[in-house]
Amino acid sequence: MKQLVTILLLFAAAVALGTILQNTAYVLLVYPPYRIELSLKFFVLLLLTVFVLGYWLIHMLAATTQLPAIVQKLRLDRAQKKARKLLDVALSAFFEGRYVEAEKIAARAIKLGESSALYPIIAARSAHELEATDRRDAYLSIVGSKSPGDTTMRFMATAKFKLDQHDQQGALNALQELRDSGARVNVGVLALELKAQQQAGNWDEVLRVLEQMEKRKGIDAAQAGQVRQQALREKSRQI
């Protein structure tokens, strides 16, 4: 429908222009003491020229005012594309045990403006493996909560770090904060909680978490049996 209207308007404009160009009338412009007499043809062409030049000038001015924002967006997009290419390299370095390289690559991506929580998590995990706790905690502090996934990664990383430092209560506190945040509790979270409860000697809680993992098929039967036997044995010793 829009195309039809456009065609009709163009056709009407062409007819009107043809009629005007065949007209021998004149246009008289009076601005005392000046008088200017122009042919109708020339006057119409002059108006069209002024209109086109005016439209072009306004368009150029608008583009000029938007130029800094456009340039900034292009730079940001280029930086983000470059940062995203670093993700595969950082992950490969981390899982290959090249923690120094993984941390440097992830930190570089962060400086390039990449907002994904994966980069500070990779950097924090790498720094943790290097026993650089100050850098690790600094990276972890910039992980936001834009999504439940970001929140889960942050608290799970915190819990793992606490467990590695034999701070079972700190790990349990982090996991409780994860639950309180409303984020979904997955098998990985339960596995961390099971380990923390075992290390803390909370055997009733071990059995509770173990039951949840079995329902979700997050632990094989042989391992579950060993954990249950250990929990029951330790409970009997406490009586």
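Read-outs: derived from the displayed coordinates by stated rules, not from any lab. This one's a predicted model, so the numbers in the text were calculated from it and none came from an experiment. Because the Cβ atoms are built from the backbone with ideal geometry, glycine has one as well, and the counts that use them run over all protein chains shown.
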### Task
Go over the candidates 234, 205, 193 one by one and state the one that is touching a helix residue (DSSP H, G or I) at 6+ places or on another chain (Cβ under 6 Å), crowded, with 16+ Cβ neighbours inside 10 Å and more than 30 Å from residue 102 (Cα to Cα).
205
#### Entry: All positions within the stretch 177-190 that are surrounded by fewer than 21 Cβ atoms within 10 Å (Cβ to Cβ), closer than 19 Å to residue 141 by Cβ and not charged (D, E, K, R)
181
### Message
For the stretch 208-228, give me each residue that is more than 41 Å from the chain's Cα centre (by Cα), exposed (fewer than 14 other Cβ atoms within 10 Å of the Cβ) and under 23 Å from residue 166 (Cα atoms).
### Response
226
### Message
Regarding the stretch 192-207, can at least one residue be identified that is under 23 Å from residue 232 (Cβ atoms) and β-branched (Val, Ile, Thr)?
### Response
yes
### Query
Looking at the stretch 91-98, is at least one residue in contact (Cβ under 8 Å) with a residue 12 or more places away in the chain, under 17 Å from the mean Cα position of the chain (by Cα), part of a helix (DSSP H, G or I) and under 22 Å from residue 159 (Cα atoms)?
no
### Message
Anything in the stretch 162-213 that is small (Gly, Ala, Ser) and on the phi > 0 side of the Ramachandran plot? List them, or say none.
### Response
182, 201
### Message
Quick check on my filter: what residues within the stretch 120-167 are surrounded by 18 or more Cβ atoms within 10 Å (Cβ to Cβ), of a type in the set (S, T, N, Q) and closer than 24 Å to residue 182 by Cβ?
### Response
151, 152, 158
### Matching residues in the stretch 152-185 - criterion: being closer than 26 Å to residue 104 by Cβ and of a type in the set (Ser, Thr, Tyr)
152, 158
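Conditions (1) more than 30 Å from residue 130 (Cβ to Cβ); (2) β-branched (Val, Ile, Thr), marked per residue:
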site	(1), (2)
175	no, no
181	no, no
189	no, yes
203	yes, no
215	yes, no
222	yes, no
229	yes, no
232	yes, no
